[in-house]
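Heads up, the thing below is written out as structure tokens.
The values are calculated or read from the model by the stated rules, or taken from the named source; none is laboratory data. The shown structure was predicted, so the numbers you read here are calculated from the model rather than taken from an experiment. Here the Cβ positions follow ideal geometry from the backbone for every residue, glycine too, while neighbour counts run over all protein chains shown.
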Amino acid sequence: MLLRLAGNALWLGRYLERSENLARLVGAVQGMTLTPEYRGRVEGPWLDALAVVGGLKEFTAHHPLEPDSAAAWLLTDRTHYSSLFSNIRAARDNARTARHLLTDELWEAINGTWLEIQNIDATNLPDRGIAVTCAWAVGRCQQIRGAADDLLRDTLPQVILLGQSLERSDYVSRLLSVFLRGDMAVTTTPPEPGTIAHRRWETLLEAGALLETYRRSHTAHIDPVQALTLVLAHPTSPRSLVVNARRTLSALDGLSGPHHVPTATQEALQILVDHLESLPPFGADLPGYLLKLGQLADAVGLEASKILD
Amino acid sequence: MHHYGMGTVLMTPPTTARTGRPTAYNEMRLGDDLSPAYGHLDEWLRHASGDRLENLRRGAAARFHERGITFAVYGDTSGAERLIPFDVIPRVLGHGEWDLVKRGSIQRVKALNAFLDDIYNDQEILKAGRIPREAVEGNELFCAQAKGLRPAGGIHSHISGVDLVRVAPDQWYVLEDNLRTPSGVSYMLENRATMQRLAPELFRAQSVLPVDQYPSLLLQTMREVAPHADSEPTIAVLTPGAANSAYFEHCYLASRMGVELVEGRDLFCDKGRLWMKNLGAPKAIDVLYRRIDDDFLDPAEFRPDSALGVRGLMEVVRQGNLTLANAVGNGVADDKATYLLVPEMIKFYLGEEPILSNVPTYRCSVPSELSYVLDHLHELVVKEVHGSGGYGMLVGPTSTTAERLKYRDRVLDDPSNFIAQPTLALSTCPTFVAQGIAPRHVDLRPYVLAGKEVRLVPGALTRVALKEGSLVVNSSQGGGTKDTWVLADEEIA
């Protein structure tokens, strides 16, 4: 496989994952702002969502924070790199470059999503519906992933998967760094359902595609300790941070030959995995643990940007 | 007055009283007589409502968008990608009609390949005085870097597009040869796939010969011209990149052949070989189907500012370790001045009479012919010798007096840069347009593959001038395409 196309495949995986994560995040935050707990205080959740995707400064510099304006910007903005529109465009551009390596079905699933999102903008989003649009985007991303499942198990899907797991790790750590602030401080006392704290835990899990998993594994009443364990260190959940960090390591190991992966990336990942596997008892030094986690995730992100560059 | 390539016949079709322009041959219906090849299609069209045709048109456009068969328009900053319009009414050729096109195209490509191999090596045709030396070595497209190059099998043009127009049932003219990087074959293939998907009933009613083996034949051709016959060659398609208007085609052909699609930045030359920068170890390439122009191939020998090519590529070719398809220097054989010489090449190299005629052509570099051209601008088509894409030409009958005066000055400024041809009444085919079904002018581009054999699939790209009365079929000038059917032998018995 050409080195250049491996880079395209990596970014295809990242942008698809980023698109899906963004759609989940906006959908979850939109749902949260419609609850009684957040009546009259919707700005905070949207500021959090903007912070997760790194668009807070850009948005607040140019737009007033009004109901739905952040959602419209996150989903449909044509110019900012972090919008759903821009992520799908970037995924499509990378897919187009490597198109001859993709199956027709995979390409058409990606290209069809791109064609469709061009019809969605801030003016028609209210009629179309924010939640409907988010569900549509999640569905399209899953369809694309399904189509990718038919690729021959060679380097290409391995690199796409590498991009996906890298992006997922990055997203989970961003979610945690934003949501575990202030009234989200983790305590061993579960919040009462109907409280803002409970709603935020629900939103965090929903944005990470882990809410239903949590309910099945535990109950509808969220225990922060169990929730955080699921997000960070569940050994088999495809959305947990440790699983994705391990997957990333494994994908990097699987790339044979001089594959232009700096060993520092693998070292940073191994440190992160070790840290995740030594989750301390809650209530002990959790804030310090999470701070360190954020630093390690940042280090991985920095090193990962050099992969296949 | 002598015209190269005039052959024996200059057909002067009857003219319409209203316009004074020649009456076009309608391929479907000659007077009251329906062409036998169009029997089933005529029946289908009688029952197809406007809504059905409109739905087909929309369905085809949607499919082309989904497949990404689009091109970016240079200079359009909106990023919008456009479609080449597709007409849902196919063009139908009977087996005998196709046979003439096939034999004539193969003959032409054989002669042109012999010519290219000869002029860059022994120059027998020049020594024999059959073609003036100046016409070859004085041509600005004569490529010094190609001198002495003898690619595998002596083949220089592995993929050729021969542009044909038709003026009568058995009378085709070659408009031009495309021996550099002819494009459009993916449209031939996708047009067929689209019609089969959207109107399968048409294919059940008659036996339309398939074209989908083209990528396989292309691959076979590439294998046959590999420099080292003893091992399975590594083949790659070289593209200028995703911004190129033919990028879909580059991807399509690489994908359908199962070979890598590379850009110049993916390649390097070392130890007399061309290598791909792979994720693992580099891999040597034996045959490069390049879709970039000569000028950009190798900055060491052509344009030094080219970022699209690979430094040292031509040296690898000279060492016999790489076949370029097509070879460099082919432009000298397909420009509009050399075009005049092709009938002579056919006689010299093949000892045959041309099967397909050249359009009678006036060279403005010859004073007597220039004088004729200037006196008849209102009835001629005047073109730049090195022009393409329908740009920079004058279509006399549809031009205004002011346009002719302006063009006259251009010709007088540099007569050797222009040729002129009579305005042919390009044949028409039924076409679905806004007003319903109406005749529109068409041309035909078969794609000829030259390896150990010269071959082509039974089909071609038909380009159609969608504007009423227009003779310009180029997509850059508002032309569209049609699926082109060749019927099996029994269908026309």
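Looking only at the stretch B:114-131, count every residue that is assigned to a loop (DSSP other than H, G, I, E, B) and crowded, with 17+ Cβ neighbours inside 10 Å and tell me the total.
Here the count works out to 2.
From (1) at pLDDT 95 or above; (2) surrounded by fewer than 18 Cβ atoms within 10 Å (Cβ to Cβ); (3) more than 30 Å from A:Thr265 (Cα to Cα); (4) within 21 Å of the chain's Cα centre (by Cα), pick out the condition that doesn't hold for A:Cys134.
(2)
Take A:Glu206 and decide whether it is surrounded by fewer than 19 Cβ atoms within 10 Å (Cβ to Cβ), acidic (Asp, Glu), more than 14 Å from chain B (Cβ to nearest Cβ) and in a helix (DSSP H, G or I).
no
Any idea which of (1) within 14 Å of chain A (Cβ to nearest Cβ); (2) touching a His at 6+ places or on another chain (Cβ under 9 Å); (3) crowded, with 16+ Cβ neighbours inside 10 Å; (4) over 21 Å from B:Glu81 (Cβ atoms) is the one B:Gln206 doesn't satisfy?
Here B:Gln206 meets the rest and fails (1).
Quick check: anything in the stretch B:132-145 part of a loop (DSSP other than H, G, I, E, B) and at pLDDT 95 or above?
Within the stretch B:132-145 (the criterion being part of a loop (DSSP other than H, G, I, E, B) and at pLDDT 95 or above), the answer is yes, since at least one residue qualifies.
Out of B:Tyr252, B:Tyr247, which single residue is crowded, with 22+ Cβ neighbours inside 10 Å, out of contact with any helix residue (DSSP H, G or I) (no Cβ under 6 Å at 6 or more places or on another chain) and within 14 Å of chain A (Cβ to nearest Cβ)?
So the residue among B:Tyr252, B:Tyr247 that is crowded, with 22+ Cβ neighbours inside 10 Å, out of contact with any helix residue (DSSP H, G or I) (no Cβ under 6 Å at 6 or more places or on another chain) and within 14 Å of chain A (Cβ to nearest Cβ) is B:Tyr247.
Can you give me the ranges of the strands (runs of 3 or more DSSP E) entirely in the stretch B:412-493 with at least 1 residues that are over 22 Å from B:Ser105 (Cα atoms) and touching a residue at least 60 places away in the same chain (Cβ under 8 Å)?
The strands (runs of 3 or more DSSP E) meeting that bar are B:418-422, B:428-433, B:436-445, B:479-486.
How about the stretch A:1-58: which of its residues are within 17 Å of the chain's Cα centre (by Cα), of a type in the set (A, V, I, L, M) and within 14 Å of chain B (Cβ to nearest Cβ)?
Scanning the stretch A:1-58 gives A:Leu10, A:Leu12.
Among (1) over 30 Å from B:Ile106 (Cβ atoms); (2) out of contact with any helix residue (DSSP H, G or I) (no Cβ under 6 Å at 6 or more places or on another chain); (3) of a type outside the set (Val, Ile, Thr), where does B:Gly387 come up short?
Here B:Gly387 meets the rest and fails (1).
Take the residues in the stretch B:90-115 that are more than 18 Å from the chain's Cα centre (by Cα) and aliphatic (A, V, I, L, M); name whichever of them is farthest from B:Ala152 (Cα to Cα).
For the stretch B:90-115, the residue satisfying everything is B:Val92.
Quick check: is even one residue across the stretch A:138-150 surrounded by fewer than 18 Cβ atoms within 10 Å (Cβ to Cβ), in contact (Cβ under 8 Å) with a residue 24 or more places away in the chain, within 14 Å of chain B (Cβ to nearest Cβ) and on the phi < 0 side of the Ramachandran plot?
yes
Among the residues of the stretch B:27-54, what is the count of those that are in contact with a Gly (Cβ under 8 Å, 6 or more places away or on another chain), small (Gly, Ala, Ser) and not in a loop (DSSP other than H, G, I, E, B)?
Within the stretch B:27-54, residues that are in contact with a Gly (Cβ under 8 Å, 6 or more places away or on another chain), small (Gly, Ala, Ser) and not in a loop (DSSP other than H, G, I, E, B) number 2.
Could you tell me whether A:Asn119 is within 13 Å of chain B (Cβ to nearest Cβ), farther than 15 Å from A:Leu22 by Cβ and in a helix (DSSP H, G or I)?
No.
Checking B:Gly138 against (1) closer than 26 Å to B:Asp334 by Cα; (2) within 14 Å of another protein chain (Cβ to nearest Cβ); (3) surrounded by fewer than 17 Cβ atoms within 10 Å (Cβ to Cβ), only one condition comes out false. Which one?
So the condition that B:Gly138 fails would be (2).
Within the stretch A:89-97, is even one residue closer than 24 Å to B:Ile69 by Cβ, buried (at least 23 other Cβ atoms within 10 Å of the Cβ), over 23 Å from the mean Cα position of the chain (by Cα) and within 12 Å of chain B (Cβ to nearest Cβ)?
yes
May I ask you to list the residues in the stretch B:141-177 that are surrounded by fewer than 21 Cβ atoms within 10 Å (Cβ to Cβ) and among the basic types (Lys, Arg)?
B:Lys147, B:Arg150 - these are the residues of the stretch B:141-177 that are surrounded by fewer than 21 Cβ atoms within 10 Å (Cβ to Cβ) and among the basic types (Lys, Arg).
Which pairs have Cβ atoms under 7 Å, sit 6 or more apart or on different chains, and link a residue in the stretch B:270-282 that is within 7 Å of another protein chain (Cβ to nearest Cβ) to one that is assigned to a strand (DSSP E or B) and hydrophobic (A, V, I, L, M, F, W, C)?
Note: pairs meeting the criteria are B:Met276/A:Leu2; B:Met276/B:Ala236; B:Met276/B:Val262; B:Met276/B:Leu267; B:Met276/B:Ile285; B:Lys277/A:Leu2; B:Lys277/B:Phe268; B:Asn278/A:Leu2.
I'm trying to understand the selection: among the residues of the stretch A:98-108, which are under 18 Å from A:Gly139 (Cα atoms), at the interface with chain B (Cβ under 10 Å from one of its Cβ atoms) and surrounded by fewer than 22 Cβ atoms within 10 Å (Cβ to Cβ)?
Hit for the stretch A:98-108 is A:Glu108, nothing else.
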